[in-house]
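Chemist: The structure under discussion is supplied below as structure tokens; questions concerning it will follow.
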């Protein structure tokens, strides 16, 4: 079994090959600095976003996840660095997921109802 140097052996084991966009990431001279990614919004689930390591490269994303998300709309091209702050995600986790598996899923925030409890 081949092991991806910056990701998991599971992806290669499941797919039998590495997608060219992921392969390009492993040979990048800029592994620790910046990474351009593309962010897609789920039209089926509010505030659910899919970050991809390559524009329109959906091959690494499990089919069941794509089906659950429904139609995806490109909303942003973003250059990530370890220093960059993201509103709801840890940028280092996003970078690790993009480099390791080619995508990162941002789930909607958990909402807690603001109930009136009386005085």
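Chemist: Can we say residue 98 is in contact with a helix residue (DSSP H, G or I) (Cβ under 9 Å, 6 or more places away or on another chain), surrounded by 19 or more Cβ atoms within 10 Å (Cβ to Cβ), modelled with pLDDT of 95 or more and farther than 10 Å from residue 38 by Cα?
Modeler: Details: in contact with a helix residue (DSSP H, G or I) (Cβ under 9 Å, 6 or more places away or on another chain): yes; surrounded by 19 or more Cβ atoms within 10 Å (Cβ to Cβ): yes; modelled with pLDDT of 95 or more: yes; farther than 10 Å from residue 38 by Cα: yes.
Considered against the rule, which asks whether it is in contact with a helix residue (DSSP H, G or I) (Cβ under 9 Å, 6 or more places away or on another chain), surrounded by 19 or more Cβ atoms within 10 Å (Cβ to Cβ), modelled with pLDDT of 95 or more and farther than 10 Å from residue 38 by Cα, residue 98 comes out as yes.
Chemist: Can I ask one more? Quick check on the range 21-32. Is at least one of its residues surrounded by 18 or more Cβ atoms within 10 Å (Cβ to Cβ), part of a helix (DSSP H, G or I), in contact with a helix residue (DSSP H, G or I) (Cβ under 7 Å, 6 or more places away or on another chain) and modelled with pLDDT under 95?
Modeler: From the range 21-32, those surrounded by 18 or more Cβ atoms within 10 Å (Cβ to Cβ) are 22, 25; that's our starting set.
Retained after the next criterion (residues that are part of a helix (DSSP H, G or I)): 22, 25.
Subset that is in contact with a helix residue (DSSP H, G or I) (Cβ under 7 Å, 6 or more places away or on another chain): 25.
Then drop every residue that is not modelled with pLDDT under 95, which leaves 25.
Scanning the range 21-32, I find at least one residue that is surrounded by 18 or more Cβ atoms within 10 Å (Cβ to Cβ), part of a helix (DSSP H, G or I), in contact with a helix residue (DSSP H, G or I) (Cβ under 7 Å, 6 or more places away or on another chain) and modelled with pLDDT under 95, so the answer is yes.
Chemist: Something else now. Going through the range 43-93 one residue at a time, which ones are assigned to a helix (DSSP H, G or I), over 12 Å from residue 103 (Cα atoms) and within 15 Å of the chain's Cα centre (by Cα)? Write out each step before concluding.
Modeler: Within the range 43-93, the first condition is being assigned to a helix (DSSP H, G or I), and the residues that meet it are 63-69, 91-93.
Pick out the ones that are also over 12 Å from residue 103 (Cα atoms) and you get 63-64, 67-69, 91-92.
Within the range 43-93, 63, 69, 91, 92 meet the criteria.
The values are calculated or read from the model by the stated rules, or taken from the named source; none is laboratory data. Since we're looking at a predicted model, the values are computed, not measured. All Cβ positions, even for glycine, are placed from backbone atoms using ideal geometry, and neighbour counts span all protein chains on display.
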